[in-house]
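K.L.:
Input: one structure, supplied below.
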Amino acid sequence: MKKLFQGFCMFLLLFSFTSLAYAQDEIRIGVIFPLTGPAASTGQVLLEGVRLAADIVNTKNNLNMPLAKTIGLPNLKGAKIKIIPGDHQGKPEIGMAEAERLITQEKVVAIIGCYNSGITATASQAAERYGIPFVNDSSTSPSLTERGFKWFFRTTPNDDLLSENFFHFLNDMKKKKKINANPIALFNENTLFGTDSRKYQEKYAAKYGYPISGVVLYPAKSTQLTSEIQKLKSYNPRIVMQTSYIADAILSMKGYKELNFAPDAILANNAGFIDPEFTKSLGKDANFILSREVWAKDLALKKPMIKTIADMFQKRTGKSMDGSSSRAFTATIVLADAINRAKSTEPAKIRQALLETNMKADQLIMPWDGVKFDAKTGQNMQGKGIIVQVQNGEYYTVWPFNLATKDVVWPFPKWEKR
Amino acid sequence: MKKGLIALIIFLGALVAFPLIFQDPFPRHTLIMIMLYAAMGIGWNIIGGYTGQVSFGNAAFFGVGAYATAIMLVNFGITPWLGMLVGCVFSVALAIIVGYPCFRLQGHYFAIATIAVGEIMLLVFTNWEYAGAAVGIYMPILPESFMNFEFHTSKLPYYYIILVIFVAAIGVCWFFERSRLGYYCRAIKEDPDGARSLGINIQRYKMIAFSISAIITSICGTFYAQYVLYIHPTSTMDLMMSIQLCIICLIGGLGKLYGPVIGAFVFIPLTELTRVYLGSEGQGVDLMIYSMLIIILAIWRPQGLWAIFTKGTAK
């Protein structure tokens, strides 16, 4: 029993090491990502995106980007940004605890995170309670900005906006290329991602006047999809909107070929269709798929700054930049710029500065029209997705037309003619 | 016996005093998670430890408790305390529905069946539109009060609520251990055929133990929902959680009153502290140390940590 008590004392002792004091000339920003657990590799990439942005702010760089040309934050006597990482491991209660720890013990002035929508939900609640600005870089669940939070800002477009993009694309096709294709059929996996996507697909199909001839939901872990594809085929769609993870995306493409199913277009919700594995394992059968994306390397052809940043990222990490790291990077720049304009580390002033953010498209490495937050929801209203198409095994931006590097191939060629 | 009582009083006294000494939310949060898992571990121990029916489906009760509370609060504005009660009723109902056919299964087959039940519940809630489907449920932010079971400025009320739940779970288990029911259950674990030959209605007592386990776990689910204020199927019904409960009991000592308590006091700080001090660079070192400790323990003290404290006298 004595040992039990001793054990408890040891345990108390452990906690007494947790509080430390910090220097004033650095701006501490908390970053919460899934650094271990199932999404660990993405978490690492996100963190590197944030770190690259912090380095650009802290050193002198010749880029057309806020704070790049100066050292540190000029309005705060050149104070440098320090990134304090936290790991949420994909668990909501840990995300919340990490936010609280960063705020109360690490004394961060703002938080960036958390990738997984479910964890952004709880971590941002903690920030809201403490009155600390929370900038969300890459969670796309629309409900996050519908909570009426005062301290929550989201730079990335959400699923609602991204889903609507497909219909903007179809309308543009109608206007500019005189292509009018319907009906649409939906082919989605049956968990969060697929069911949520269906909601928006149906909403906007109705709004933009595209009839839906049928919906097929399937379990993502299926080992064969033949009967589902036959059902899909029976709806005679000219456009298939598909939401799949990687294994089922590959499986469905093989099934389409086998059953000789070739609608005019397959519009995919990123995920499985933009996984590097997709083109690798399907080879030329992956061609002509259209997928929504948030970022693409070939955007650099229209915006040279993207190439500079992507090269810096490649040099640092040995990995190529992607939609996750570019969004984490952008959120960090937006936040640093706001802190600089606030001329203070007071949360209320940073929040005010965030509300006044008005970044232009040419200062960003994203395909967005700019960054400007809606005062009520905290959503960036100028975010925008792009549509990429696989051509010769590579992804090319085909929409919006002003950023396109290749012309869209429409319709999807018949299997025997490719 | 006397010595044990004194130790228990010192231990509880330390728990009561802890948040008064440590004002930061992080240590308080860690203790809250420890007590939450300890209480759930006690719940698991009643069916898995004492009765010997290994359940990998206890997360389903946790989820039912959390969801019952959330649905009633969001859709009908009913206080979470009543939601807690309703959650218990549904959990017991689920325990009976699951237990009735599954307790006819022997040994490992029961464990396998509970995995299936847990996964079925996860799938049902992932696709059930009314319960928020895969997105889950955001609890409304209400004014702080005991009736609303929401406290935003301090973790102190949450801390004492879970302390009460935790102590109550120990109390229930203490009575269970000494009651006729407890003896029956241990008899069922040791030798089901022998127990039956002595006239024990095996089916019935397994069911009662499973229901007690369900109630404790369900109450913890309600607490979790009110503490985190956002629930979704994978955070409340994951198979991983059921496995964690099993590990906590195994580390501490299976079928011992303080087994899960010791297990949770080792398991949770280990995950929390290694994550904070080693894990923020994301190299996964924390998880490696953590799994190594489990392996060492499994070889060195397979009876669980409880055996260390009782100097090996425990069986």
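Values quoted throughout were computed directly from the atomic coordinates according to the rules given, and no laboratory measurement underlies them. Everything quoted here is computed from the prediction, not taken from an experiment. Cβ coordinates were reconstructed from backbone atoms using ideal geometry, including for glycine residues, and neighbour counts include every protein chain displayed.
K.L.:
If r is the Cβ-Cβ distance from B:TYR183 to B:ILE141 and R0 is 45 Å, what FRET efficiency results, to the nearest 0.05?
P.N.:
Numbers: r = 48 Å, r/R0 = 1.06.
Taking R0 as 45 Å, the efficiency between B:TYR183 and B:ILE141 is 0.40.
K.L.:
Now for a separate question. About its Cα centre, what dipole magnitude does chain A give when the only charges are +1 on Lys and Arg Cβ and -1 on Asp and Glu Cβ, stated in debye to the nearest 20? List each step's numbers first, then the result.
P.N.:
On the way: 54 positive and 39 negative charges, 117 e Å.
The dipole magnitude comes to about 560 debye.
K.L.:
Can you run phi through the Karplus equation (6.51, -1.76, 1.60; θ = phi - 60°) for the range B:14-19 and list ³J(HN,Hα) in whole Hz, with x for Gly and Pro?
P.N.:
Karplus-based 3J(HN,Hα) across the range B:14-19 equals 5, 5, 5, 7, 3, x Hz.
K.L.:
Quick one: length gained pulling A:LYS107 to A:LEU217 fully straight, 0.36 nm per residue minus the C-alpha distance? Could the numbers behind the result be given before it?
P.N.:
Working: separation 110, 0.36 × 110 = 39.60 nm, distance 4.65 nm.
Separation in residues times 0.36 nm, less the Cα-Cα distance, equals 35.0 nm.
K.L.:
Now for a separate question. Would you grab the residues whose amide H sits under 5 Å from the one on A:VAL215? Only those 5+ places off in sequence or on another chain, please, with H modelled 1.01 Å from N.
P.N.:
Amide H to amide H, under 5 Å and 5 or more residues apart or across chains, A:VAL215 pairs with A:LEU186.
K.L.:
How large is ³J(HN,Hα) for each residue in the range B:266-277, as worked out from phi by the Karplus curve 6.51 cos²θ - 1.76 cosθ + 1.60 (θ = phi - 60°), to whole Hz, x for Gly and Pro?
P.N.:
For the range B:266-277, the Karplus curve yields 8, 5, 5, x, 4, 5, 5, 6, 5, 5, 5, 8 Hz.
K.L.:
Who wins for biggest fluctuation among B:GLY199, B:GLY49, B:GLY252 in a Gaussian network model of chain B, springs between alpha carbons below 10 Å?
P.N.:
B:GLY199
K.L.:
Would you tell me the mean number of C-beta atoms belonging to other protein chains that fall within 10 Å of each C-beta in B:12-19, as a whole number? All intermediate terms of the calculation are to be shown ahead of the outcome.
P.N.:
Values: counts 0, 0, 5, 1, 0, 1, 4, 0.
Mean shielding count: 1.
K.L.:
I would also like to ask the following. Using DSSP to call loops (not H, G, I, E or B), can you name the trypsin sites (Lys or Arg not before Pro) in the range A:352-395 whose Cβ has at most 16 other Cβ atoms within 10 angstrom?
P.N.:
On the way: sites: A:LYS360, A:LYS372, A:LYS376, A:LYS384; in loops: A:LYS372, A:LYS376, A:LYS384.
Filter output for the range A:352-395: A:LYS376.
K.L.:
Taking the alpha-carbon distance from A:LYS257 and a cut-off under 18 Å, which lysines remain once sequence neighbours fewer than 8 residues away in the same chain are dropped?
P.N.:
Reachable lysines: A:LYS231, A:LYS233, A:LYS280, A:LYS284, A:LYS414, A:LYS417.
K.L.:
Taking B:LYS256 as the anchor, which lysines have their alpha carbon closer than 29 Å to its alpha carbon, excluding any fewer than eight residues away along the same chain?
P.N.:
Correct list for B:LYS256: A:LYS2, A:LYS3, B:LYS2, B:LYS3, B:LYS189, B:LYS206, B:LYS311, B:LYS315.
K.L.:
Further question on the same structure: What is the range B:29-309 by shape, rounded, prolate or oblate, if you read a ≥ b ≥ c off the alpha carbon gyration tensor as root eigenvalues and call it rounded for a/c under 1.5, prolate for a/b larger than b/c, and oblate otherwise?
P.N.:
In terms of gyration-tensor shape, oblate.
K.L.:
Here is a further query. Could you pull out every residue, at least 5 positions away or on a different chain, whose amide H is within less than 5 Å of the one on A:LYS406? Hs are placed 1.01 Å off N in the peptide plane, and Pro or chain starts have none.
P.N.:
It is A:THR397, by chain and number.
K.L.:
Once you charge only the Cβ atoms, +1 for Lys and Arg and -1 for Asp and Glu, what is the size of the charge dipole of the range B:29-309 about its Cα centre, to the nearest 20 debye?
P.N.:
Working: 12 positive and 12 negative charges, 172 e Å.
Roughly 820 debye for the range B:29-309.
K.L.:
Something else: If you build a Gaussian network model of chain B, linking Cα atoms that sit under 10 Å apart, which residue out of B:TRP44, B:TRP300, B:TRP81 swings the most?
P.N.:
So, out of B:TRP44, B:TRP300, B:TRP81, the one fluctuating most is B:TRP300.
K.L.:
Contour minus end-to-end for A:LYS60 and A:LYS376, with contour as 0.36 nm per residue of separation and end-to-end as the Cα-Cα distance? If you can, show how the numbers build up before the last one.
P.N.:
On the way: separation 316, 0.36 × 316 = 113.76 nm, distance 3.55 nm.
Between A:LYS60 and A:LYS376, full extension yields an extra 110.2 nm.
K.L.:
Please state the shape class of the protein assembly as shown: rounded when a/c is under 1.5, otherwise prolate if a/b exceeds b/c and oblate if not, all from the C-alpha gyration tensor. Kindly include the intermediate steps, with their values, before the conclusion.
P.N.:
On the way: a/c = 2.21, a/b = 1.41, b/c = 1.57.
Here the protein assembly as shown falls in the oblate category.
K.L.:
Let me ask something else about it. For an R0 of 25 angstrom, estimate the FRET efficiency from the Cβ-Cβ distance between B:SER197 and B:TYR109 and round to the nearest 0.05.
P.N.:
On the way: r = 22 Å, r/R0 = 0.88.
So, using R0 = 25 Å, E works out to roughly 0.70.
K.L.:
Filter A:LYS150/A:LYS199; A:LYS77/A:LYS107; A:LYS175/A:LYS406; A:LYS80/B:LYS155; A:LYS176/A:LYS384 down to the pairs with a C-alpha to C-alpha distance above 22 Å, please. Could you put the intermediate results ahead of the total?
P.N.:
Details: A:LYS150/A:LYS199 27 Å; A:LYS77/A:LYS107 20 Å; A:LYS175/A:LYS406 18 Å; A:LYS80/B:LYS155 33 Å; A:LYS176/A:LYS384 20 Å.
Pairs exceeding the cut-off: A:LYS150/A:LYS199; A:LYS80/B:LYS155.
K.L.:
Same structure again: Counting only other chains, and only Cβ atoms inside 10 Å, what mean value do you get across the residues of A:85-91?
P.N.:
On the way: counts 4, 5, 9, 1, 6, 2, 6.
Taking all residues of A:85-91 together, the mean is 5.
K.L.:
I want to verify a result. In a Gaussian network model of chain A, Cα cutoff 10 Å, which of these has the top mean-square fluctuation: A:ALA247, A:ALA206, A:ALA110?
P.N.:
Looking only at A:ALA247, A:ALA206, A:ALA110, the largest GNM fluctuation is found for A:ALA206.
K.L.:
On average, how many beta carbons from a partner chain sit within 10 Å of the beta carbon of a residue in A:111-119?
P.N.:
2
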